[in-house]
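Undergrad: Sharing a structure with you now.
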2 protein chains.
Amino acid sequence: MIDKSSPIPLYHQIEEVIKQGIEHGEYQPGDVLPAERVYAEQYQVSRMTVRQAITNLVNERYLYRIKGKGTFIAEPKLEQNLKGLTSFTEDMSARGMKASSKISKFDIIPANRSLAEQLNVDMHTPIYEIKRVRLAEEIPMALERTYIPANLIKGLSEERVLSSIYKYAEEQMGLKIKSATQTLEATIANKEEIKLLEVDQGGAPVLLMKRTSKLENGQTFEIVKSSYRADRYKFMIDLER
Amino acid sequence: MIDKSSPIPLYHQIEEVIKQGIEHGEYQPGDVLPAERVYAEQYQVSRMTVRQAITNLVNERYLYRIKGKGTFIAEPKLEQNLKGLTSFTEDMSARGMKASSKISKFDIIPANRSLAEQLNVDMHTPIYEIKRVRLAEEIPMALERTYIPANLIKGLSEERVLSSIYKYAEEQMGLKIKSATQTLEATIANKEEIKLLEVDQGGAPVLLMKRTSKLENGQTFEIVKSSYRADRYKFMIDLER
DNA sequence: TAAGAAAATTGGTATATACAAATAAAATAT
DNA sequence: ATATTTTATTTGTATATACCAATTTTCTTA
């Protein structure tokens, strides 16, 4: 596993081994990693070399350390990054408002040309279409439409959607989301949005957020389109230093 | 400067000393730092301890290293972070389009109640008001309005605005921007935007980006309001892993 | 003078060691 | 059985050393 004669630095090789362990699901978030001295013994390297490997993974947010306790597996990065843009639920609770959501549609539909293109599947491929209205104190704030190829995540139910699709996909289906691209644009509310968001017919502005998430193999996992009422919601980003 | 009997780790003390040097302008971006062995000799600590301090600052993007050459001062972080949201000029050049801008207003105005509040100054305080239209291939894409208290940055001219206000503020005035908060919302074009962005009168949607930048002492340095044509522009954010 | 070789400088990798500080587990005393 | 004390384990800090690799500077040679 570790090749001392390789030109690749030992600490880097150890990094990769640990990373693989995380990505292959041998360790779960919150699990404790073997102690530094254990790795040192196991791979016949000095503890400082193991330490350098682990330090790098800590800086990359794969791991975190607690003095006296050990080194632990961190939550996947994507969720942390998504917090850069304040998420709906968090934002609402930060303002002392109660966030809820109501599923207005939960179906499997055949992919039309546009969906097929965006999800990178053949036309007519079965696709989950999930629509939900995000509410704050019972007032509609956003309409969220999620599209996921049905073959990727079988056995999805309304109950599971209400908790976390991501968690279900990772823990039950072994799917890891690797990256996501998010865009923000402004549009005018269409008929569906006017009805579900309860806004004026006369050209109410909405903030449209589109997110495309990809798996490790490059396949598109989901498309999420969220329409936020412009009069009630804005996105905030803090930039430090 | 370095206290070996202090409970604060040596590497952390050294970090602070170097950081201070950067923030007090003793080093400029691109300058080379004294070699690790020089610091070790100077502070009478081992090279590895210096290395740990520098490694941390490299991870925090204060410094970067080149093997065989040395350790150098990085560009201030704010500009790097702002690239998380693709900037107008970059975005255009990435698409092979030529970006330009046209200043439509450059004045000093007395602060009204709203401006005074947002900039945290007294009413009637003189404020630079700079309006410019951002163009791509001569087509108007955005209207940008910048407000800066005049006492903060004397001698600002139209020419300087065309290059970089930030650079002028930092290099000539010694002002360092510490943080910025950015919001994105959707609105309908007002009269000014209809005229300068050349959009329809009938309720054209625009993306409104507001940025408030603060100095180290907490004072507000500037407010920037940018209205982007929703039919021509959207913001994109990439989230890795 | 110009080209090439050698030496010096700088960061990169790796080891071995020692003790500190926080936490957890085990042993002991009440 | 329950506190308390002791011991072991784990990460954190720091040193001293050695050699590697990339780059720059200096010296030598043609």
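Undergrad: Considering only the stretch A:205-224, state which residues are of a type in the set (D, E, K, R) and either surrounded by 15 or more Cβ atoms within 10 Å (Cβ to Cβ) or not assigned by TED's automatic domain parsing to the domain that holds residue A:167 (or both). Steps first, please.
TA: We begin by selecting, within the stretch A:205-224, every residue of a type in the set (D, E, K, R); these are A:210-211, A:214, A:216, A:222.
Within the stretch A:205-224, A:210, A:211, A:214, A:222 meet the criteria.
Undergrad: Moving on. Somewhere in the stretch B:182-199, is a residue within 16 Å of the chain's Cα centre (by Cα) and not polar (S, T, N, Q)? Show your work before the answer.
TA: Step one: list which residues in the stretch B:182-199 are within 16 Å of the chain's Cα centre (by Cα), which gives B:182-183.
The next check asks that each one be not polar (S, T, N, Q); those that pass are none.
Scanning the stretch B:182-199, I find no residue that is within 16 Å of the chain's Cα centre (by Cα) and not polar (S, T, N, Q), so the answer is no.
Undergrad: Which one is farthest from DNA strand C (Cβ to nearest atom) among residues in the stretch B:38-48 that are of a type outside the set (Asp, Glu) and over 22 Å from residue B:74 (Cα atoms)? Write out each step before concluding.
TA: Quick first cut of the stretch B:38-48, residues of a type outside the set (Asp, Glu) only: B:38-40, B:42-48.
Checking the rest, the ones that are also over 22 Å from residue B:74 (Cα atoms) come to B:42-46.
On the way: B:42: 12, B:43: 14, B:44: 17, B:45: 13, B:46: 9 Å.
Ranking the candidates gives B:44 first.
A quick yes/no check of all residues on (1) in contact (Cβ under 8 Å) with a residue 40 or more places away in the chain; (2) touching a helix residue (DSSP H, G or I) at 6+ places or on another chain (Cβ under 7 Å); (3) over 30 Å from residue A:218 (Cα atoms):
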residue	(1), (2), (3)
B:153	no, yes, yes
B:158	yes, no, yes
B:161	yes, no, yes
B:184	yes, no, no
B:220	yes, yes, yes
B:226	yes, no, yes
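Undergrad: Yes or no: residue B:37 open to solvent by 70 Å² or more (accessible area, probe 1.4 Å), out of contact with any strand residue (DSSP E or B) (no Cβ under 6 Å at 6 or more places or on another chain) and under 20 Å from residue A:51 (Cα atoms)?
TA: In short, no.
Undergrad: Then there's this: Within the stretch B:6-28, take every residue that is within 9 Å of DNA strand D (Cβ to nearest atom) and open to solvent by less than 50 Å² (accessible area, probe 1.4 Å) and give me the one that is farthest from residue B:71 (Cα to Cα).
TA: Only one residue fits best here, namely B:6.
Undergrad: Okay, moving on. Between a first residue in the stretch B:36-53 that is under 12 Å from residue B:13 (Cα atoms) and a second residue that is within 7 Å of DNA strand D (Cβ to nearest atom) and in a helix (DSSP H, G or I), which pairs have beta carbons less than 7 Å apart while being 6 or more apart in sequence or on different chains?
TA: The qualifying pairs are B:45/B:10; B:49/B:10; B:49/B:11; B:52/B:11; B:53/B:11.
Undergrad: For residues in the stretch B:49-63 being more than 9 Å from chain A (Cβ to nearest Cβ) and near DNA strand C (Cβ under 9 Å from one of its atoms), which is nearest to the chain's Cα centre (by Cα)?
TA: B:58
Undergrad: Continuing with this model, one more query. Regarding residue B:208, is this residue assigned to a loop (DSSP other than H, G, I, E, B) and under 19 Å from the mean Cα position of the chain (by Cα)?
TA: Working: assigned to a loop (DSSP other than H, G, I, E, B): no; under 19 Å from the mean Cα position of the chain (by Cα): yes.
Criteria not met by residue B:208.
The values are calculated or read from the model by the stated rules, or taken from the named source; none is laboratory data. Quick caveat: nothing in here was measured; it's all calculated off a predicted structure. Glycine also receives a Cβ, built like all others from the backbone with ideal geometry; neighbour counts cover every protein chain displayed. Accessible surface areas use protein heavy atoms only, side chains included; no ligands, DNA or RNA. Shrake-Rupley method; radii C 1.70, N 1.55, O 1.52, S 1.80 Å.
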